[in-house]
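Data block below; observations after.
The values are calculated or read from the model by the stated rules, or taken from the named source; none is laboratory data. None of the values given here were measured: they were computed from a predicted structure. Cβ sites come from the backbone with ideal geometry, for glycine too, and all protein chains shown count toward neighbours.
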Amino acid sequence: MALVNIGVVGLGAAGRAFVPAILKHPGFRLAAVAEPVEATRAEMLTRHDASGYASVAAMLEHPGLDAVYIATPTDLHPGHVLLALAEGKHVLVEKPMAAELSQARAMVAAASAAGVVLLVGHSHSYDLPIKKMREIITGGTLGSVRMVNTWCFTDWMHRPRRIEELDASQGGGVTYRQGSHQFDIIRLLCGGMAKSVRAKTFDWDKKRSGIGAHVAYLDFVDGAAATAVYNGYGRFSSMDLGFDVSEWGLMQPPQDRPQRQHCASPEAELLAKQLRAKTAIPEGAPYQPFFGVTLVSCEGGDIRQSPKGLFVYSEEGRVEIELPTKCSPRDLVLAEFHDAITGAAPALHDGRWGLANLEVCAAAISSSASGQDVLLKEQIAAPSGMARV
Ligand SMILES: NC(=O)c1ccc[n+]([C@@H]2O[C@H](COP(=O)([O-])OP(=O)(O)OC[C@H]3O[C@@H](n4cnc5c(N)ncnc54)[C@H](O)[C@@H]3O)[C@@H](O)[C@H]2O)c1
């Protein structure tokens, strides 16, 4: 298997979570990390044999570096991605890929000009249950998909946050940060070609202002329709509707869920965030990840997640399909990245796909402001044949 030397940029919650997956994948070698906070960088380097840099620019000089994973704050993605693409590196960038469509378009154009891979991930459409839902839909046994409804209720707004993470103009708030998961899931399951979006976003905790909830309705060109509901204010958890299983596949009954308390100052909040980043995303889990509840309705039946995989409801009743838990969502991202780099298989979650997801996030916010439907122009179709799960 071709060995790809990869560097990780940004060692927060997202960046750290990819390190075990990189070490596990035989086609990647963790060559370098870039992180300006010295203590964070040093702690990572005591555990792993890689070179450390204080900036992306310095890391890009690392001899033999083939690819980079950008896990810096969203508002920094465009600058960091364009720098890496200009050096001819393959790039995996965290979602949302940017805060503005023009930045995402520039990233797509730069990757194409450089002839390298630009992938956007991780997002929860990489999760095995979602991939399996897509496989059942495209297999045709349940007929055409007509509705997808996805609900997620979390405490996202009350976790420790940097100020920019609550500012939509910097890619913050739940519509950019969490809608990017939901719209990706919906677009994959409904075939990708969304036609319009109507949405309402909410900012109802003035002590912690930012978009904290939304409800969005998506219309698709082939007649399918979907809704995405997200509430990040933390009173009700959609784990109560999902067998108590968390976003990362851990069993978390109500008494085991963390109680949030706001920090006294932005500095204290940053420290709390850095501390939380060490354990926020586990390396593996005994259950499938549950990003809220997603219910797919096809002409001949319905699909939703079960504790072990999926429940498929049809004329024959309810059948459970079990799915393996040996691969984490990040293992699946790296598999797609490696396949795209080596030419083994084209990427689904490429820059164009990420741009189309970002367009839905931006459209939801502008629809809420205008009270109108927003027509979409950047949508692309999902490939009909995907690797079998
Ligand atoms: N896919 C997921 O499940 C998931 C989960 C969390 C975050 N994210 C995404 O990952 C990105 C980062 O989020 P996070 O919560 O990990 O943020 P974070 O604040 O925890 O971490 C960001 C890290 O980047 C570092 N950094 C800041 N400026 C830098 C620079 N110029 N060069 C290199 N490093 C720099 C910071 O010091 C910090 O360690 C966001 O875009 C977010 O949407 C994705």
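When you check Ser55 against the structure, is it polar (S, T, N, Q), in contact with a strand residue (DSSP E or B) (Cβ under 8 Å, 6 or more places away or on another chain) and surrounded by fewer than 23 Cβ atoms within 10 Å (Cβ to Cβ), yes or no?
So Ser55 fits the description; yes.
Counting only residues that are of a type in the set (Ser, Thr, Tyr) and without any contact (Cβ under 8 Å) to a residue 40 or more places away in the chain, how many does region 331-389 have?
2
Within the bounds of region 140-152, is there any residue that is closer than 30 Å to Arg208 by Cα, among the polar types (S, T, N, Q) and not assigned by TED's automatic domain parsing to the domain that holds Met59?
Among the residues of region 140-152, at least one is closer than 30 Å to Arg208 by Cα, among the polar types (S, T, N, Q) and not assigned by TED's automatic domain parsing to the domain that holds Met59, which makes the answer yes.
Could you tell me whether Ser306 is out of contact with any helix residue (DSSP H, G or I) (no Cβ under 9 Å at 6 or more places or on another chain), among the hydroxyl-bearing types (Ser, Thr, Tyr) and in contact (Cβ under 8 Å) with a residue 40 or more places away in the chain?
The answer is no for Ser306.
Being near the ligand (Cβ under 9 Å from one of its atoms), at pLDDT 95 or above and either of a type in the set (D, E, K, R) or on the phi > 0 side of the Ramachandran plot (or both) is the requirement here; does Asp75 meet it?
yes
Which pairs do you get when a residue that is in the same structural domain as Arg146 (by TED's automatic domain parsing), found in region 203-221, comes within reach of a residue that is of a type in the set (A, V, I, L, M, F, W, C) and assigned to a loop (DSSP other than H, G, I, E, B), reach meaning Cβ atoms under 7 angstrom, with the pair 6+ apart or on two chains?
Pairs found: Asp203/Ile211; Gly212/Trp204; Phe220/Met193; Val221/Met193.
So if I check each of Arg304, Arg257, which one is of a type in the set (Lys, Arg), modelled with pLDDT of 95 or more and surrounded by 12 or more Cβ atoms within 10 Å (Cβ to Cβ)?
Arg304
Mind checking whether some residue in region 2-9 is surrounded by fewer than 22 Cβ atoms within 10 Å (Cβ to Cβ) and within 11 Å of the ligand (Cβ to nearest atom)?
no
Which members of region 307-363 meet the condition of being surrounded by 16 or more Cβ atoms within 10 Å (Cβ to Cβ), more than 14 Å from Asp184 (Cα to Cα) and among the polar types (S, T, N, Q)?
Thr325, Ser328
Filter region 204-223 down to the residues that are of a type in the set (Asp, Glu) and crowded, with 17+ Cβ neighbours inside 10 Å and list them by number.
Of everything in region 204-223, just one residue is of a type in the set (Asp, Glu) and crowded, with 17+ Cβ neighbours inside 10 Å, namely Asp219.
Between Ala369, Ala344, Ala362, which is among the aliphatic types (A, V, I, L, M) and outside the structural domain of Gly173 (by TED's automatic domain parsing)?
Only one candidate qualifies: Ala344.
If Val120 satisfies every condition in (1) touching a Lys or Arg at 6+ places or on another chain (Cβ under 7 Å); (2) surrounded by fewer than 24 Cβ atoms within 10 Å (Cβ to Cβ); (3) under 20 Å from Ala345 (Cβ atoms) but one, which is the exception?
(2)
Examine region 183-201 for a residue that is of a type outside the set (Gly, Ala, Ser) and closer than 23 Å to Ala277 by Cα, and state whether such a residue exists.
no
For region 136-151, does any single residue satisfy the condition of being touching a helix residue (DSSP H, G or I) at 6+ places or on another chain (Cβ under 6 Å) and closer than 30 Å to Thr342 by Cβ?
Scanning region 136-151 turns up no residue that is touching a helix residue (DSSP H, G or I) at 6+ places or on another chain (Cβ under 6 Å) and closer than 30 Å to Thr342 by Cβ.
The conditions are (1) of a type in the set (A, V, I, L, M); (2) away from the ligand (no atom under 12 Å from the Cβ); (3) within 30 Å of Trp156 (Cα to Cα); (4) surrounded by fewer than 20 Cβ atoms within 10 Å (Cβ to Cβ), and Ala104 fails exactly one of them. Which is it?
(4)
Here are the criteria: (1) under 29 Å from Val19 (Cα atoms); (2) buried (at least 19 other Cβ atoms within 10 Å of the Cβ). Tell me which single one Leu275 does not satisfy.
(2)
Of (1) more than 21 Å from the chain's Cα centre (by Cα); (2) within 16 Å of the ligand (Cβ to nearest atom), Ala280 satisfies all except one. Which?
(1)
Hey, does region 55-70 have a residue that's closer than 26 Å to Arg161 by Cα and more than 11 Å from the ligand (Cβ to nearest atom)?
There is no residue in region 55-70 that is closer than 26 Å to Arg161 by Cα and more than 11 Å from the ligand (Cβ to nearest atom).
Kindly check whether there is at least one residue in region 18-36 that is of a type outside the set (A, V, I, L, M), under 21 Å from Ala285 (Cβ atoms), within 12 Å of the ligand (Cβ to nearest atom) and surrounded by 23 or more Cβ atoms within 10 Å (Cβ to Cβ).
The answer is yes; a qualifying residue exists.
Return the pairs, sorted by first residue and then second, in which the second residue is of a type outside the set (A, V, I, L, M, F, W, C), the first residue lies in region 284-300 and is part of a strand (DSSP E or B), the beta carbons are less than 6 Å apart, and the residues are 6+ apart or on different chains.
Close Cβ pairs satisfying both conditions: Val293/Ser238; Val293/Gly242; Thr294/Thr150; Leu295/Asn149; Leu295/Arg304; Ser297/Arg146; Cys298/Gly143.
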